[in-house]
Amino acid sequence: MNSIFDMENTTEKIKRGITALLLLLITAVLPAQHYLAEEGKVYFKSDAPLELIEARSTAMRAIIDADKRTFAFSVPISSFEGFNSPLQRVHFNENYLESDRYPAATFSGKIIEKVNFTAPGTYTVRAKGKLTVHGIEQERIIKSELTVSGAALTVRAAFTVLLDEHDITIPKIVYQKIAEEIEVEVEAVFTPE
Amino acid sequence: MKYLLPILITALFTMGSQAQEDDLLSLLGEEEETVEYVNAAFKTNRVINLHSLESTSAGVLDIKISHRFGTLNRGAYELFGLDNATIRIGGDYGITDQLTIGLGRSSFQKTYDGFVKYKFLRQSTGAKKMPLTAAFFASTALQTMKWQNPDRENYFSSRLYYTFQMIVGRKFSESFSLQLSPTVVHRNLVKTSAESNDVFALAAAGRIKITKRLALNAEYIYVLPDQLLPGFRNSLSVGFDIETGGHVFQLHFTNSTSMIAPGFVAQTVENWGDGGIHFGFNVSRVFTVVKPKFD
């Protein structure tokens, strides 16, 4: 109680508080170092006993915040092309990924390792975050290769997605034609915003 | 006061960093809009007898085998119609995603048919918004029965039938699609002068998707009055589409015997009211002739 009436002490505290607030404001106002990728590539492969299905998209968008080491990747489901027939692509969108309801697959979170985004080189990092496919979120740690060259960043990653984990069901009749585990490869070139 | 400031700052920081992560994803949300064409309004390019607003994709061959059995009111002696079958075997091919051609042969009056279907409007959302899909359909049918009066002078042109149709429809939601098809069937030769050579009709068809792989279809063809002799009826068909990967099985009940427009529009005689209902099916199997580009 005494301290409230202790003018000197209070002034000191207010000063410190203001400094802290100012610092906070400056951090918030200063533009964070963002890296953007506009035409990232996503490739996936379903390697089942009776059929191999491949598709890719070049419409993935991604962003990395170098200061906070946070990231977000997003790819529109309907942008995938390839498949073995146009009908397969329709079914992919209509029956399996339900792209009308869940238009994008996303991965966002934080890079575990500290990375010097200014020193050229190739780093192996672990990206920890939420992978959302078919509207179902899964906590994932995905090992990625991050290459710093000049101002640009390149991210490459290969991982698998279990259909079951994302509530994508395979009817019995096509059981031998769709793999339960889908292999995914991602590549994106980032430039500073 | 002592604790207020640190708490406030911590709170601000936490809020800030949380907002930051959300921001990152939302920053990506501001994507340039692309044109998204609405697809799969119907499971295949036929509703039951009618052409649906779907076309066959480019480079895809769709082989169709269709049967219409006899009518249910034939009773147990003919196993409710299953002893008799009228068939059509045909193939549709997608030249582009909007242009489909097809050929077929029906056992009903030994008729060959060929068609061209061009989708000139595609329902889309996104950068270009189009509420409807519209297609133009034209077909020629050649009936090859032996002449009824071989003694008189018969003309090849008398065997020909033409159909022109506009198909306008919309996929209203994931589960509901509806289309209207103004139709004209031209018959070069009719039996009596009381029948008109040109038969105008308005067809309506709809689909309700029940599960991902099962849909309920219905179609009705209203023939404008005073064109056909009494005894001819409007065609009504109801059925299910069952889709299994590359196949679509369409199982249905209809009062029409023929599976092509000159037949089911202008020559339907059976009556739903007295059990003049044919059980039937269309089996569609798609083959990819030209594989989609994959670079």
Original post:
Residue farthest toward the positive end of the dipole of the range B:58-217, with Cβ of Lys/Arg at +1 and Asp/Glu at -1: which of B:T125, B:T192, B:Y161?
Top reply: B:T125
Subject >> Interchain or long-range residues, amide H under 5 Å from A:M60's placed H >> reply: A:G40, A:V42
Original post:
How do the peptides A:112-118, B:53-59 rank, highest first, by the average count of neighbouring beta carbon atoms within 10 Å per residue?
Top reply: B:53-59, A:112-118
**OP:** Please say if the range B:37-288 is rounded, prolate or oblate, where rounded means a/c under 1.5 for a ≥ b ≥ c the square roots of the C-alpha gyration tensor eigenvalues, and otherwise the choice is prolate for a/b larger than b/c and oblate otherwise?
**Re:** prolate
**OP:** Measure of size requested: the Rg and Dmax of the protein assembly as shown, with Cα atoms as the atom set and Å as the unit; please supply both.
**Re:** 31.7, 127
Subject >> Low-density loop cleavage sites - chymotrypsin sites (Phe, Trp or Tyr not before Pro) in the range B:24-85, where at most 15 other Cβ are within 10 Å (DSSP) >> reply: none
Subject >> Charge dipole (debye, nearest 20) of the range B:37-288; +1 at Cβ of Lys and Arg, -1 at Cβ of Asp and Glu >> reply: 640 debye
**OP:** Classify the range B:199-263 as rounded, prolate or oblate from the Cα gyration tensor: take a ≥ b ≥ c as the square roots of its eigenvalues, call it rounded if a/c is under 1.5, otherwise prolate when a/b beats b/c and oblate if not.
**Re:** prolate
Original post:
Which value, in debye to the nearest 20, describes the size of the charge dipole of the protein assembly as shown about its Cα centre when Lys and Arg Cβ atoms bear +1, Asp and Glu Cβ atoms bear -1, and nothing else is charged?
Top reply: 1020 debye
**OP:** Can you grab the distance from the C-alpha centre of the range A:44-106 to the C-alpha centre of the range B:248-285, Å, no decimals?
**Re:** 41 Å
Original post:
With contacts defined as alpha carbon pairs under 8 Å and 6 or more residues apart, what's the relative contact order of chain B in percent?
Top reply: 18 percent
Original post:
Any idea how far apart B:Y155 and B:S26 come out in nm if each label point goes 7 Å out from Cα toward Cβ?
Top reply: 7.3 nm
Subject >> Radius ratio Rg over Rh of the range A:47-129, counting only Cα atoms, Kirkwood formula for Rh >> reply: 1.11
**OP:** Tabulate in residue order the Karplus-calculated ³J(HN,Hα) for the range B:153-159, using 6.51 cos²θ - 1.76 cosθ + 1.60 with θ = phi - 60°, rounded to whole Hz; enter x for Gly and Pro.
**Re:** 6, 10, 10, 4, 4, 5, 8
Subject >> Test item: Cα-centred dipole of chain A, Lys/Arg +1 and Asp/Glu -1 on Cβ, debye >> reply: 500 debye
Original post:
Do the sum for chain A: with -39,500 (n - 2.57) for every DSSP H run of n ≥ 4, divided by all residues, what is the mean residue ellipticity at 222 nm, to the nearest 500 deg cm²/dmol?
Top reply: -5000 deg cm²/dmol
Subject >> Sequence ranges B:143-150, A:141-148, B:125-132, ranked by mean other-Cβ count within 10 angstrom, highest first >> reply: A:141-148, B:125-132, B:143-150
Original post:
With Rg and the Kirkwood Rh both taken from Cα atoms, where does Rg over Rh land for chain A?
Top reply: 1.18
Original post:
How far apart, in nm, are two points set 7 Å out from the Cα along the Cα-to-Cβ line at B:M130 and at A:K172?
Top reply: 4.1 nm
**OP:** Using a 10 Å cut-off on Cβ to Cβ distances, tally the other chain neighbours for every residue of B:59-65 and report the average as a whole number.
**Re:** 1
Subject >> Three-way shape call for the range B:234-277 based on the alpha-carbon gyration tensor, with the a/c threshold at 1.5 >> reply: oblate
Subject >> Hz values of 3J(HN,Hα) by residue in the range B:202-214 - Karplus curve (6.51, -1.76, 1.60), Gly and Pro given as x >> reply: 10, 10, 10, 8, x, 9, 10, 7, 8, 10, 4, 10, 9
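Every read-out reported here was derived from the displayed coordinates using simple, explicitly stated rules and does not represent laboratory data. This one's a predicted model, so the numbers in the text were calculated from it and none came from an experiment. Glycine also receives a Cβ, built like all others from the backbone with ideal geometry; neighbour counts cover every protein chain displayed.
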